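Report on one structure; see the data block that follows.
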Amino acid sequence: MALTLFARRPAPAELPEPTPWPEIGETWKPDGVTVAQRYYNQAHAVVFVYTADDGKTGTYYAVACLGCHFASAQDQRRTYNTRYSLTDAAKAANEHATTCRALPRDIPARPDDDTAREQLHAWVRRARRRDQDTQLWLSDLDLIRLTIQRTNDWIAGVLQQLAIDQPEILRTERSQYSDYVSYYARRLPEN
């Protein structure tokens, strides 16, 4: 008994490659998104827990169902720090998966660059208000990350080009203390 208690165990092996989905026979790794967990709802549609954060200010997660159109990036029951941690996102995904009966939909195809660019331009136009400029955060895009499937660098490049091409719609502001660039949707013109 003493020999088995102190026996050497082999070193853990490297993490295995993701296993292919049985439905499609391949893994799905969309650009700009890291899928942390997958849950299946009652009809076997996938509910994702994913992040698009680079971790500089903490890593936050979002939840999206590929059966219905459920998507959530914030815990509405909180009043402070409403973004999901991995634990909170997993809980929200599991709660949704246990009640959702939507049939599985196909995995969204990666749009071409022009389509993704137009989706970002439309997002900026919808953010404009009459009373003031509206600050836009890349984390605000978390709910549509599975449809645009682009990295933060690509999105920042598109937003900077939009600010150059259409300064009446979007402006940028560089921080005087770092490389950080803020984006502001311009106020709607008064008629």
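The values are calculated or read from the model by the stated rules, or taken from the named source; none is laboratory data. What you see is a predicted model, and the numbers here were worked out from it, not measured in a lab. Cβ: placed from backbone, ideal geometry, glycine included. Neighbour counts: every protein chain shown. The area values use the complete protein model at the heavy-atom level, side chains included, leaving out ligands, DNA and RNA. Shrake-Rupley method; radii C 1.70, N 1.55, O 1.52, S 1.80 Å.
Quick look at the values:
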quantity: Residues located in region 128-147, provided they are under 28 Å from Cys65 (Cα atoms), among the hydroxyl-bearing types (Ser, Thr, Tyr) and open to solvent by less than 50 Å² (accessible area, probe 1.4 Å); calculated: Ser139
quantity: Meets criteria (in contact with a Leu (Cβ under 9 Å, 6 or more places away or on another chain), of a type outside the set (Ser, Thr, Tyr) and within 22 Å of Val63 (Cα to Cα)) for Arg150; calculated: yes
quantity: Every residue from region 145-172 that is on the phi < 0 side of the Ramachandran plot and in contact (Cβ under 8 Å) with a residue 40 or more places away in the chain; calculated: Arg145, Leu146, Ile148, Arg150, Thr151, Asn152, Trp154, Ile155, Val158, Leu162, Ile169, Leu170
quantity: Restricting region 70-90 to residues that are in a helix (DSSP H, G or I) and either among the aliphatic types (A, V, I, L, M) or closer than 19 Å to Trp28 by Cβ (or both), the residue that is most open to solvent (accessible area, probe 1.4 Å); calculated: Leu86
quantity: Flag for Cys100 being at pLDDT 90 or above and touching a helix residue (DSSP H, G or I) at 6+ places or on another chain (Cβ under 8 Å); calculated: no
quantity: Ala93 being assigned to a helix (DSSP H, G or I), at pLDDT 90 or above and open to solvent by less than 80 Å² (accessible area, probe 1.4 Å); calculated: yes
quantity: Some residue of region 35-49 being under 17 Å from Ile155 (Cα atoms) and within 16 Å of the chain's Cα centre (by Cα); calculated: no
quantity: Options Val124, Val158, Val181; residue that is at pLDDT below 90, closer than 30 Å to Lys29 by Cβ and open to solvent by less than 40 Å² (accessible area, probe 1.4 Å); calculated: Val181
quantity: Answer from Asp153, Asp165 - the residue that is under 15 Å from the mean Cα position of the chain (by Cα) and open to solvent by 20 Å² or more (accessible area, probe 1.4 Å); calculated: Asp153
quantity: Test: residue in region 59-69 that is at pLDDT below 85, surrounded by 16 or more Cβ atoms within 10 Å (Cβ to Cβ), within 24 Å of Arg150 (Cβ to Cβ) and in contact with a Phe, Trp or Tyr (Cβ under 9 Å, 6 or more places away or on another chain); calculated: no
